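The values are calculated or read from the model by the stated rules, or taken from the named source; none is laboratory data. All values derive from a computational prediction rather than experimental measurement. Because the Cβ atoms are built from the backbone with ideal geometry, glycine has one as well, and the counts that use them run over all protein chains shown.
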Ligand code: UD1
Ligand code: CA
């Protein structure tokens with residue numbers, strides 16, 4: 001048996017009230033459609049075909065290059081959407097899995113089980129269904145003696161069908177030939193004036209084809225995102241999954257409900273994450289770290305035993321035992337080696353701070369290399385930019401930079417040197433030297449009178 005998948009993603013998503021196409025709205029940092037494509041990867045279908053329409057270029061720009069798609073110029077309904085793939089699938093005799101781009105909570109396990117169910121029962125069609133206490137908005141599954149007769153959409157539902165709690169999740173597997181033959185027969189004579197994929201079920205059922213529904217235990221998995229309320233709910237569920245997985249693996253989350261960790265983040269055991277922390281992108285954190293409240297870490301590598309408080313860290317590397325914050329900002333390409341300390345209101349960018357460097361207060365270090373155990377006094381600034389170009393500052397080992405020093409790059413300070421507080425350093429300072437540049441202090445006694 002062979003399988004191809006079709007993903008419906010051409011719709012406007014009117015109910016989202018958004019200028020962004022629905023399927024690229026992010027759920028915990030990842031567009032919904034990307035999530036669907038990721039789980040489809042596990043099924044290893046021969047081909048995944050997207051149906052795109054509304055703002056398709058905007059959608060394609062968010063996907064990997066080379067995805068296979070067809071265009072639905074006018075969005076005339078889910079059935080019409082599938083019909084656009086007919087040309088591509090005309091010689092194909094295998095099975096077709098259909099999923100919607102707006103069900104981001106679906107898991108690969110469910111898709112695999114569903115496909116097994118379809119194959120195991122030699123069906124013409126299988127529908128993935130779920131139970132909802134409040135089924136409003138979903139298509140209802142009408143059955144007789146366990147056999148599916150039809151799916152009735154909310155707008156067409158009468159009092160009796162409205163009470164049915166088993167609903168269509170928008171995920172189906174069809175025999176390809178049966179599907180496209182039936183699609184030729186659907187019309188748009190319904191409340192929405194659309195061609196519904198769901199009408200195919202009644203047609204196949206009348207032709208005595210075997211159709212079964214596969215009821216999913218966890219209905220939260222098939223939540224369809226149609227509004228921004230749904231979007232927030234979906235994100236909450238995905239975060240819960242990630243947080244639970246992390247805790248199972250030994251991470252300590254003080255309050256999971258206010259901890260925002262994206263899917264690809266890795267965290268080692270006994271690291272403690274405090275409330276209101278955001279960890280994003282491709283971030284890797286070691287063991288026994290403390291990440292305190294109001295911290296945001298993006299695409300960074302943090303080793304073990306690191307303590308970070310109320311700080312922002314972007315695309316940076318932090319080695320074992322470093323302490324950061326409160327209120328520090330590591331901008332891209334900051335590299336803090338072992339036991340570095342970065343304190344209050346310190347900003348770093350494209351700089352390497354060797355082992356044991358300390359910059360405790362109110363400092364900017366950009367385009368700088370700073371040697372082991374050097375101490376940077378409060379208010380020090382590497383003046384790396386002359387309005388046109390950026391220049392480097394090189395500071396050696398065991399240097400003491402006095403408070404309020406301006407290091408006007410390009411400039412170098414040698415090992416074991418000392419810079420007097422308040423200096424503006426424009427010339428290189430050799431090893432073992434004192435560099436100081438400040439105007440002489442004047443005292444006029446009795447001046448006040
Ligand atoms: C659909 C089902 C409903 C099911 C629900 C599950 C139909 C008629 N109804 O309703 O039974 O319970 O999903 O979430 O299928 N799309 C296109 N082209 C179009 C219209 C839609 O590609 O012309 C895409 C949308 O981008 C979306 C998906 O199809 O990804 C579903 O469309 P949507 O309008 O959200 O359908 P529902 O009303 O939720
Ligand atoms: Ca939907």
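Under the condition of being within 16 Å of ligand 2 (Cβ to nearest atom), part of a helix (DSSP H, G or I) and modelled with pLDDT of 95 or more, the residues counted in region 192-220 number 0. Taken as a whole, region 56-65 holds at least one residue that is closer than 30 Å to residue 189 by Cα, within 12 Å of ligand 1 (Cβ to nearest atom) and surrounded by 15 or more Cβ atoms within 10 Å (Cβ to Cβ).
Which residues, counting only those in region 149-177, are touching a residue at least 60 places away in the same chain (Cβ under 8 Å) and more than 16 Å from ligand 2 (Cβ to nearest atom)?
173, 174, 175, 176, 177
Annotation note: of 282, 244, the sole residue that is in a loop (DSSP other than H, G, I, E, B) and surrounded by fewer than 17 Cβ atoms within 10 Å (Cβ to Cβ) is 282.
Here residue 251 meets the list (1) surrounded by 18 or more Cβ atoms within 10 Å (Cβ to Cβ); (2) within 16 Å of ligand 2 (Cβ to nearest atom); (3) without any contact (Cβ under 8 Å) to a residue 24 or more places away in the chain almost entirely, failing just condition (2). Please state which of the following conditions residue 191 fails to meet, knowing it meets all the rest: (1) buried (at least 16 other Cβ atoms within 10 Å of the Cβ); (2) over 20 Å from residue 7 (Cα atoms); (3) within 12 Å of ligand 1 (Cβ to nearest atom). The number of the failed condition is (1). Considered as a group, the residues in region 23-36 that are under 14 Å from residue 232 (Cβ atoms) and in contact with a helix residue (DSSP H, G or I) (Cβ under 7 Å, 6 or more places away or on another chain) include one that is farthest from ligand 2 (Cβ to nearest atom), and that residue is 28.
Anything in region 224-252 that is more than 19 Å from residue 132 (Cα to Cα) and within 16 Å of ligand 1 (Cβ to nearest atom)? List them, or say none. Residue satisfying the conditions is 228 alone. Within region 121-140, the set of residues being in a loop (DSSP other than H, G, I, E, B), more than 28 Å from residue 180 (Cβ to Cβ) and touching a strand residue (DSSP E or B) at 6+ places or on another chain (Cβ under 8 Å) comprises 132, 135.
Within region 351-376, the residues that satisfy the criterion of being part of a strand (DSSP E or B) and under 12 Å from residue 397 (Cα atoms) are 353, 358, 369, 370, 375, 376.
Does region 288-302 contain at least one residue that is within 30 Å of residue 150 (Cβ to Cβ), in a strand (DSSP E or B) and modelled with pLDDT of 95 or more? No: region 288-302 contains no residue that is within 30 Å of residue 150 (Cβ to Cβ), in a strand (DSSP E or B) and modelled with pLDDT of 95 or more. Can you say whether residue 150 is over 34 Å from the mean Cα position of the chain (by Cα) and in a strand (DSSP E or B), as far as the supplied structure shows? So residue 150 fits the description; yes. Among the strands (runs of 3 or more DSSP E) confined to region 43-106, there are none with at least 2 residues that are modelled with pLDDT of 95 or more, within 16 Å of ligand 2 (Cβ to nearest atom) and at positive phi.
Reported count of residues in region 1-28, each being surrounded by fewer than 18 Cβ atoms within 10 Å (Cβ to Cβ) and either free of Cβ contacts under 8 Å to residues at least 40 places away in the same chain or not in a helix (DSSP H, G or I) (or both), is 9. Of the residues 110, 161, the single one that is within 31 Å of the chain's Cα centre (by Cα) and either buried (at least 16 other Cβ atoms within 10 Å of the Cβ) or within 12 Å of ligand 1 (Cβ to nearest atom) (or both) is 110.
With respect to residue 29, is the statement that it is within 14 Å of ligand 1 (Cβ to nearest atom) and at pLDDT 95 or above true?
Criteria not met by residue 29.
Looking only at residues of region 75-96 that are in contact with a helix residue (DSSP H, G or I) (Cβ under 8 Å, 6 or more places away or on another chain) and within 14 Å of ligand 1 (Cβ to nearest atom), we find that the one that is nearest to residue 242 (Cα to Cα) is 82.
Only residues that are more than 15 Å from residue 85 (Cα to Cα) and not in a loop (DSSP other than H, G, I, E, B) were counted in region 174-191, giving 0.
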